[in-house]
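Read through the structure below, which is laid out as structure tokens, and then see the notes.
The values are calculated or read from the model by the stated rules, or taken from the named source; none is laboratory data. Quantities reported herein were computed from a predicted structural model and do not represent experimental measurements. Glycine also receives a Cβ, built like all others from the backbone with ideal geometry; neighbour counts cover every protein chain displayed.
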Amino acid sequence: MIIRDQIERVVSAALHEAQASGALPPAHWEGGGSVERPQKAEHGDFASSLPLRLARQMRMSPMAIAERIAEQAPAREPVSRVWTAPPGFVNFELDRGWLASQVDAIREAGAGFGEIEAGDGVRAQVEFVSVNPTGPVHAGHARGAVVGSALANILEAAGFDVQREYYVNDAGSQMEAFNVSLLARYLQLFGVDAEIPEDGYQGSYMADLAEEIRQEVGDEFVSMAAESAAARIGEIGLRRMIEMIREDMRSLNVEYDRWFSERSLFDGGQYHRVLDLLREGELLVERGGATWFLSSALGDDEDKVIVRKTGAPTYFATDVAYHYNKFFEREFDRVIDVLGADHQGHVRFMKAFTSALNVDADRLDLLIYQLVTLKRGSETVRLSKRTGNIVTLRELVEEIGPDACRFFFLSKAPGSQMDLDLELAKRESEDNPVFYIQYAHARIAGILREARERGIDFEDGGVSLLTHDAELELIRRMTQLPEVIGMIAESLEPQALPHYALDLAKSFHPFYQQCRVVSQDPNDLALTKARLKLVDAVRVVFARCLSLMGMSAPERM
């Protein structure tokens, strides 16, 4: 259970008791959001600002309201003390014995520690990356992959029924250009003078792909009619590109539950169905031979072309069909699209579209992540060492590893631009937060190994012996994880998790310096057992954080 929510209920009950007794007048308050963690330790573990919010309605001073609420808030588990502070706060201190008991609770929860029921089984879909299968995934896409996969992990921990999805753009003009470009590269291998179209794909990876296909099918497509050959070789190329993207994602510890084909929107009729719905709602109009969606009438900046003069659908058309499929055919309760910065203008359009279908706009979240600048110290890295082109995701992972990629991409708010220092990401020092956190987990694993080697069984350890300030501060930090998970599930701000993991490490290392865990003195065996329980609980929380972030939890470093 989230402790802050427990304190919130204590405050709410105390307010109602004070009003029922006549100590406080009636006032409207919907509840929630009034309890926070104070920045200063002397203000307790939690503080409620409710008196400040009710002062105007009640026509009383905030301090007077705070005193009435405090009188009705009993100091019982998990709270040991309740008091007031100017200008109108009610402060709460957690019971030290209750805090110590959380060590056993965390160990019992194990890998499930931090799980809450905020989602209550709500079906949520997280779609992320979804780059066209016409080229390799570049380093910038890694940020979307990390944000999307971590959010999905955290939403599951918060009680949502989550599906991770990759939308495969396997239809439209881009795929046609890919097919023709690949055929040209293939024919060139047989000495045919074939040109890549102006809007085609020039990258060296296309030559490599063509060679792979030549080895697979020989000269099968050389004498075939161009249109048929482009379609056939395009299918093989598409399959290989998708597999390459899968491997790239796996290298970053990213897996998907479904790879959704754009073509299926046409084969399954969703594209025409959604156009019919928009026409019935008088939201489509013909202008200059093209079909426009009147999205400006629903809050968008301007109307959007849905169908070109040629009859070909635009990106907007397939996207509305795709989201129709999400909300009405697969019946997701909540949809989260993780999109790159180039989709910023897409937000209002999609909100307008959901309104057109009478879908609550709050059920759709479009999370935009900004660009990433790669650096080596102060030097900006723009090109690949290998090909001279843009740095690929695979090259980035090969250089700094998946754990560093995931931590650094998660550590900044998705909406902020970020610099990734490749040298820092590889550094094995306290300056590197990835090393600092994982080293804490490895250090704990070493302590537990030492205990096993010495034959110390600490299952009967008494946690009531954990009274040192550094021990209790560490426990306080551990109990915050469910709260962090709940906050991220509500706000979709995953950067809170790496920050929390770093704070936990900052609490653990001082504890390690101040409190010897495995004592050499046999008279200290009881305290040794209690502290072994504590570090085992910390191991559980570190492992949980690292797992949610998609990172490894090393036993040795």
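Every residue in segment 84-110 that is out of contact with any Ser or Thr (no Cβ under 8 Å at 6 or more places or on another chain), outside any helix (DSSP H, G or I) and either of a type in the set (A, V, I, L, M) or closer than 14 Å to VAL35 by Cα (or both), please.
THR84, ALA85
Starting from segment 231-257, take each residue that is more than 30 Å from GLU220 (Cα to Cα) and list its partners that are among the acidic types (Asp, Glu), counting only C-beta distances under 9 angstrom and pairs at least six apart or across chains.
Filtered contacts from segment 231-257: MET249/GLU255; SER251/GLU398; ASN253/ASP403; VAL254/ASP248; TYR256/GLU165; ASP257/GLU165.
Could you pull out the residue among ARG477, ARG544 that is at pLDDT 95 or above and surrounded by 23 or more Cβ atoms within 10 Å (Cβ to Cβ)?
After ruling out the rest, the residue left standing is ARG544.
Pick out the one residue from ALA356, ALA361 that is surrounded by 18 or more Cβ atoms within 10 Å (Cβ to Cβ) and outside the structural domain of HIS499 (by TED's automatic domain parsing).
ALA356
Check whether at least one residue in segment 104-120 is over 18 Å from the mean Cα position of the chain (by Cα), without any contact (Cβ under 8 Å) to a residue 24 or more places away in the chain and more than 19 Å from GLY550 (Cβ to Cβ), and report yes or no.
The answer is yes, given that some residue of segment 104-120 is over 18 Å from the mean Cα position of the chain (by Cα), without any contact (Cβ under 8 Å) to a residue 24 or more places away in the chain and more than 19 Å from GLY550 (Cβ to Cβ).
Quick one: which residue in ARG287, ARG258, ARG239 is basic (Lys, Arg) and over 30 Å from ARG394 (Cβ atoms)?
Answer to the check: ARG287.
Within segment 135-179, can you find the residues that are hydrophobic (A, V, I, L, M, F, W, C), under 21 Å from TYR322 (Cβ atoms), crowded, with 21+ Cβ neighbours inside 10 Å and touching a Lys or Arg at 6+ places or on another chain (Cβ under 6 Å)?
Once the filter is applied, which keeps residues that are hydrophobic (A, V, I, L, M, F, W, C), under 21 Å from TYR322 (Cβ atoms), crowded, with 21+ Cβ neighbours inside 10 Å and touching a Lys or Arg at 6+ places or on another chain (Cβ under 6 Å), segment 135-179 yields only ALA152.
Looking at the structure I just gave you, is ALA27 within 28 Å of ALA158 (Cβ to Cβ), small (Gly, Ala, Ser), not assigned by TED's automatic domain parsing to the domain that holds HIS468 and not in a helix (DSSP H, G or I)?
No.
Name the residues in segment 271-296 that are surrounded by fewer than 20 Cβ atoms within 10 Å (Cβ to Cβ), among the small types (Gly, Ala, Ser) and either within 33 Å of the chain's Cα centre (by Cα) or within 16 Å of VAL359 (Cα to Cα) (or both), would you?
The answer is GLY281, SER296.
Looking at ASP457, is it surrounded by fewer than 19 Cβ atoms within 10 Å (Cβ to Cβ) and at pLDDT 95 or above? Walk me through it before giving the result.
Working: surrounded by fewer than 19 Cβ atoms within 10 Å (Cβ to Cβ): yes; at pLDDT 95 or above: yes.
Criteria met by ASP457.
Wholly within segment 299-413, which helices (runs of 4 or more DSSP H) include no fewer than the required count, namely at least 1 residues that are modelled with pLDDT under 90 and among the polar types (S, T, N, Q)?
Once the helices (runs of 4 or more DSSP H) in segment 299-413 are filtered for at least 1 residues that are modelled with pLDDT under 90 and among the polar types (S, T, N, Q), what remains is 346-356.
Within segment 464-474, is there a residue that is among the hydroxyl-bearing types (Ser, Thr, Tyr), in contact with an Asp or Glu (Cβ under 9 Å, 6 or more places away or on another chain) and in a helix (DSSP H, G or I)?
no
Could you run through segment 416-445 and say how many residues are under 17 Å from ALA142 (Cβ atoms) and either touching a residue at least 12 places away in the same chain (Cβ under 8 Å) or acidic (Asp, Glu) (or both)? Full working, then the answer.
Restricting attention to segment 416-445, the residues satisfying the condition of being under 17 Å from ALA142 (Cβ atoms) are 416-422, 424-426, 434.
Of the ones still in play, those that are also either touching a residue at least 12 places away in the same chain (Cβ under 8 Å) or acidic (Asp, Glu) (or both) are 416-422, 425-426, 434.
Of the residues in segment 416-445, 10 are under 17 Å from ALA142 (Cβ atoms) and either touching a residue at least 12 places away in the same chain (Cβ under 8 Å) or acidic (Asp, Glu) (or both).
Report yes if some residue within segment 454-476 is more than 18 Å from LEU94 (Cα to Cα), of a type in the set (Val, Ile, Thr) and under 18 Å from the mean Cα position of the chain (by Cα); otherwise report no.
Within segment 454-476 (the criterion being more than 18 Å from LEU94 (Cα to Cα), of a type in the set (Val, Ile, Thr) and under 18 Å from the mean Cα position of the chain (by Cα)), the answer is no, since none of the residues qualifies.
Do we find a residue being at pLDDT 95 or above, assigned to a helix (DSSP H, G or I) and β-branched (Val, Ile, Thr) anywhere in segment 249-264?
no
Please determine whether any residue of segment 61-72 is touching a residue at least 24 places away in the same chain (Cβ under 8 Å), buried (at least 18 other Cβ atoms within 10 Å of the Cβ) and not in a helix (DSSP H, G or I).
There is no residue in segment 61-72 that is touching a residue at least 24 places away in the same chain (Cβ under 8 Å), buried (at least 18 other Cβ atoms within 10 Å of the Cβ) and not in a helix (DSSP H, G or I).
Quick one: in segment 414-434, of everything that is under 21 Å from the mean Cα position of the chain (by Cα) and not in a loop (DSSP other than H, G, I, E, B), which residue is surrounded by the fewest Cβ atoms within 10 Å (Cβ to Cβ)?
Applying the filter and picking the extreme gives ASP419.
Looking at segment 302-319, is at least one residue buried (at least 18 other Cβ atoms within 10 Å of the Cβ), farther than 24 Å from PHE160 by Cα and under 24 Å from the mean Cα position of the chain (by Cα)?
yes
I'm trying to understand the selection: among the residues of segment 177-205, which are in contact (Cβ under 8 Å) with a residue 40 or more places away in the chain, in a helix (DSSP H, G or I) and not β-branched (Val, Ile, Thr)?
Residues of segment 177-205 in contact (Cβ under 8 Å) with a residue 40 or more places away in the chain: 177-180, 182-183, 186, 201, 203-205.
So of that shortlist, the ones also in a helix (DSSP H, G or I) come out as 177-180, 182-183, 186, 204-205.
Passing the criteria: ALA177, PHE178, ASN179, LEU182, LEU183, TYR186, SER204, TYR205.
Check VAL538, VAL518 and return the single one that is in a loop (DSSP other than H, G, I, E, B) and surrounded by 18 or more Cβ atoms within 10 Å (Cβ to Cβ).
That would be VAL518, the only listed residue that is in a loop (DSSP other than H, G, I, E, B) and surrounded by 18 or more Cβ atoms within 10 Å (Cβ to Cβ).
Given the criteria within 26 Å of GLU176 (Cα to Cα) and among the acidic types (Asp, Glu), does GLU282 qualify?
Spelling it out, it is not the case that GLU282 is within 26 Å of GLU176 (Cα to Cα) and among the acidic types (Asp, Glu).
Return the pair list, or none, for Cβ contacts closer than 6 Å from residues in segment 9-23 that are in contact (Cβ under 8 Å) with a residue 12 or more places away in the chain to residues that are of a type in the set (Lys, Arg), at least 6 apart or on different chains.
From segment 9-23, the pairs are ALA18/ARG68; ALA23/ARG68.
May I ask you to verify whether SER48 is buried (at least 16 other Cβ atoms within 10 Å of the Cβ), under 27 Å from ALA489 (Cα atoms), polar (S, T, N, Q) and outside the structural domain of ILE485 (by TED's automatic domain parsing)?
Yes.
Do we have any residue at all in segment 198-220 that's surrounded by fewer than 17 Cβ atoms within 10 Å (Cβ to Cβ) and in contact with a Leu (Cβ under 8 Å, 6 or more places away or on another chain)?
Yes: segment 198-220 contains one or more residues that are surrounded by fewer than 17 Cβ atoms within 10 Å (Cβ to Cβ) and in contact with a Leu (Cβ under 8 Å, 6 or more places away or on another chain).
Can you go through PHE160, PHE221 and tell me which one is under 30 Å from PHE332 (Cβ atoms) and either free of Cβ contacts under 8 Å to residues at least 24 places away in the same chain or not small (Gly, Ala, Ser) (or both)?
Being under 30 Å from PHE332 (Cβ atoms) and either free of Cβ contacts under 8 Å to residues at least 24 places away in the same chain or not small (Gly, Ala, Ser) (or both) holds for just one of PHE160, PHE221, which is PHE160.
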